Amino acid sequence: DTEVTQTPKHLVMGMTNKKSLKCEQHMGHRAMYWYKQKAKKPPELMFVYSYEKLSINESVPSRFSPECPNSSLLNLHLHALQPEDSALYLCASSQDPGSADTQYFGPGTRLTVL
Amino acid sequence: AQSVTQPDIHITVSEGASLELRCNYSYGATPYLFWYVQSPGQGLQLLLKYFSGDTLVQGIKGFEAEFKRSQSSFNLRKPSVHWSDAAEYFCAVGVNAGNMLTFGGGTRLMVKP
């Protein structure tokens, strides 16, 4: 099973709201990733977690706050977002954080910020 | 730093025709190469990957790709396209440190009946 699940599928929020995106995998993968994808563009890496520790933050604004409560779960907490943050947010996971490995992607959360 | 170029932004082929999507990469060491497909509003699905060994790799849905080191290319091919293949295709290169993927800009495939 190579499934990564993400909830919710769609999210609409105002600029003053606080919301969270959730990602889950049960493949025993020890690396998890958040990507942001704007329309007609490739995914852009936001964060990487290795063994539940944040290992890479690609200069993402602090209004995005990642969290990895355990090895299967990854959250992205959102607060005071801007309309330009509207995008598809993709989660991915891979087996071994220390080497190049296949990343398996979830279906994404379509976020709209009003 | 590594980079990936997909020269064709859009490609239209007739159903049943053959397909080749181009991918060129720039990376100083041996690359790890991937092709992903994305249907509208969906996540990315892995089609195939190259890490080492045989330079012709087979993937899902009848796709294959050939790694050519001399040309820094990893082109994706399919002998006969089906209407369900219409989607966005991304080539990506991975590096060891942090397993970071660098994606190409994508190629949108349209299939004519």
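The values are calculated or read from the model by the stated rules, or taken from the named source; none is laboratory data. Predicted model, so just to flag it, every value in this text is computed and none were measured. Note that each Cβ is placed from the backbone with ideal geometry, even for glycine, and that neighbours are counted across all protein chains shown. What goes into the accessible areas is simple: the full protein's heavy atoms, side chains included, and nothing from ligands, DNA or RNA. Shrake-Rupley method; radii C 1.70, N 1.55, O 1.52, S 1.80 Å.
Find how much the distance from A:Met27 to A:Thr7 grows on full extension, using 0.36 nm per residue of separation minus their present alpha carbon separation; answer in nm with one decimal. Can you show the working numbers first?
Values: separation 20, 0.36 × 20 = 7.20 nm, distance 1.76 nm.
Difference between extended and current length: 5.4 nm.
Taking the Cα-to-Cβ direction at A:Asp96 and at A:Leu114 and moving 7 Å from each Cα, how far apart do the two end points lie in nm?
4.8
Quick one: net charge of B:Glu64's neighbours, Cβ under 15 Å, K/R +1, D/E -1? Mind dumping the intermediate values first?
Details: positive: B:Arg22, B:Lys49, B:Lys61, B:Lys68, B:Arg77, B:Lys78; negative: B:Glu20, B:Asp54, B:Glu66, B:Asp85.
Charge balance in the 15 Å sphere: +2.
Count charges around B:Lys78 for me, please; just the other residues with Cβ under 13 Å from its Cβ, Lys/Arg as +1, Asp/Glu as -1.
Values: positive: B:Lys61, B:Arg77; negative: B:Glu15, B:Glu20, B:Glu64, B:Glu66, B:Asp85.
So the environment of B:Lys78 carries a net charge of -3.
Keeping all protein chains in place, calculate the accessible area per residue for the range B:54-113 (probe 1.4 angstrom), answer in Å². Spell out each step's value before the answer.
Working: 2700 Å² over 60 residues.
Ligands and nucleic acids excluded, the result is 45 Å² per residue.
Could you please put B:Trp83, B:Trp35 in sequence from largest to smallest accessible area, using a 1.4 Å probe? Kindly include the intermediate steps, with their values, before the conclusion.
On the way: B:Trp83 165, B:Trp35 0 Å².
Accessible-area ranking of B:Trp83, B:Trp35, largest first: B:Trp83, B:Trp35.
Could you give me D for chain B, from Stokes-Einstein at 20 °C and 1.002 mPa s, where the hydrodynamic radius is the Kirkwood radius over C-alpha pairs? Units µm² s⁻¹, please.
Working: Rh = 14.1 Å.
For these conditions, the coefficient is 152 µm²/s.
Using 1/(1 + (r/R0)^6) with R0 = 30 angstrom and r between the beta carbons of A:Thr16 and A:Glu44, what's the FRET efficiency to the nearest 0.05? List each step's numbers first, then the result.
Working: r = 25 Å, r/R0 = 0.84.
With R0 = 30 Å, the Cβ-Cβ based efficiency is 0.75.
How far apart, in nm, are two points set 7 Å out from the Cα along the Cα-to-Cβ line at B:Thr55 and at B:Ser84?
3.3
Report the accessible surface area buried between chains B and A, summing both sides, using a 1.4 Å probe on protein heavy atoms only, in Å² rounded to the nearest 100. Intermediate values should be presented prior to the final figure.
Details: alone 6100 and 6260 Å², together 10620 Å².
Approximately 1700 Å², summed over both chains.
What cysteines in the protein assembly as shown have no other cysteine with a beta carbon less than 4.7 Å from their beta carbon?
So far as the 4.7 Å Cβ criterion goes, A:Cys68 stand without a partner in the protein assembly as shown.
Determine, from the Cβ-Cβ distance of A:Ala80 and A:Glu52 and an R0 of 22 Å, the FRET efficiency 1/(1 + (r/R0)^6), rounded to the nearest 0.05.
On the way: r = 26 Å, r/R0 = 1.19.
Computed FRET efficiency for A:Ala80 and A:Glu52 comes out at 0.25.
Would you mind telling me the share, in percent, of accessible area of the protein assembly as shown contributed by carbon and sulfur at probe 1.4 angstrom?
Carbon-and-sulfur percentage of accessible area, whole number: 50.
Using only the alpha carbons of the range A:1-74, what is the convex hull's orientation-averaged projected area in square nanometres? Please list the in-between numbers first.
Working: hull surface 23.2 nm².
Spelled out: convex hull of the Cα atoms, projected over all directions, averaged, 5.8 nm².
Principal axis extents for the protein assembly as shown, Cα atoms only, whole Å, descending order, please.
50, 39, 32
In the structure shown, do any of A:Lys53/B:Lys61; A:Lys18/A:Lys38; A:Lys41/B:Lys61; A:Lys22/B:Lys49; A:Lys19/B:Lys112 have a Cα-Cα gap over 32 Å, and if so which? Could you put the intermediate results ahead of the total?
On the way: A:Lys53/B:Lys61 36 Å; A:Lys18/A:Lys38 21 Å; A:Lys41/B:Lys61 24 Å; A:Lys22/B:Lys49 27 Å; A:Lys19/B:Lys112 42 Å.
Check vs 32 Å cut-off fails for A:Lys53/B:Lys61; A:Lys19/B:Lys112.
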